[in-house]
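Read-outs: derived from the displayed coordinates by stated rules, not from any lab. Computed from a prediction, not measured in an experiment: that's the story for all the values here. Cβ placement follows ideal geometry from the backbone for every residue including glycine, while neighbour counts extend to all protein chains displayed.
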């Protein structure tokens, strides 16, 4: 009888983990784990401005706007930032500086042979998006333990050193990931090169931004107010029976 119950439990688990053949709606699944930079300093703005300027230059070189082999490019005019946020203004200036320092002919005002537009769009998501760092943390801890365990086994006095080394290794690896919850606001940044009503080059990147810095990326026509996630209150236990009687378990609230 006992074996029969075990077999029934196994088949029940297998059946519960098996997808049905037909479903009324598509099943929600996750994308493969990816990484996305989080902007947290003005220097980060310069890094992405340099990267997008270099990408634009390389794209124009492969087109017809530069003459090989000297790559003498057409004159460029960089349109005012859109939107006129603190970030937009800084990125606009950093972008121009990179182009000028690379020897590109950037004019101060129109007309120009090629016009460059910069668009920064912020998108606000819910405040409770999950971030599964626990699996990464577990992997790093396990690797550290396996890599350093023999040191402690050979010498009992090395236990403290091993613990410190594991902590340092863990912190070193985890420094790649931004602290805190998943940001609510993301930035979609696009640069476009246009001439005579046609796109010559275009690049789009997406970044996280710190929720506390939202006012640096938004403008008055756009709402970037972040919401504070308040977790639901813990479940309360309700007393069952006469718990004033001696035969009642006051901790569980269940009459014996």
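Table for the structure above
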read-out	value
Cβ-Cβ FRET estimate between residue 40 and residue 108, R0 fixed at 25 Å, reported to 0.05	0.20
Sequence ranges 198-208, 80-90, ranked by mean other-Cβ count within 10 angstrom, highest first	80-90, 198-208
Normalised convex hull volume, the range 78-128, alpha-carbon set, Å³ per residue	97
Distance between modelled label sites at residue 194 and residue 130, nm, 7 Å Cα→Cβ extension	4.2
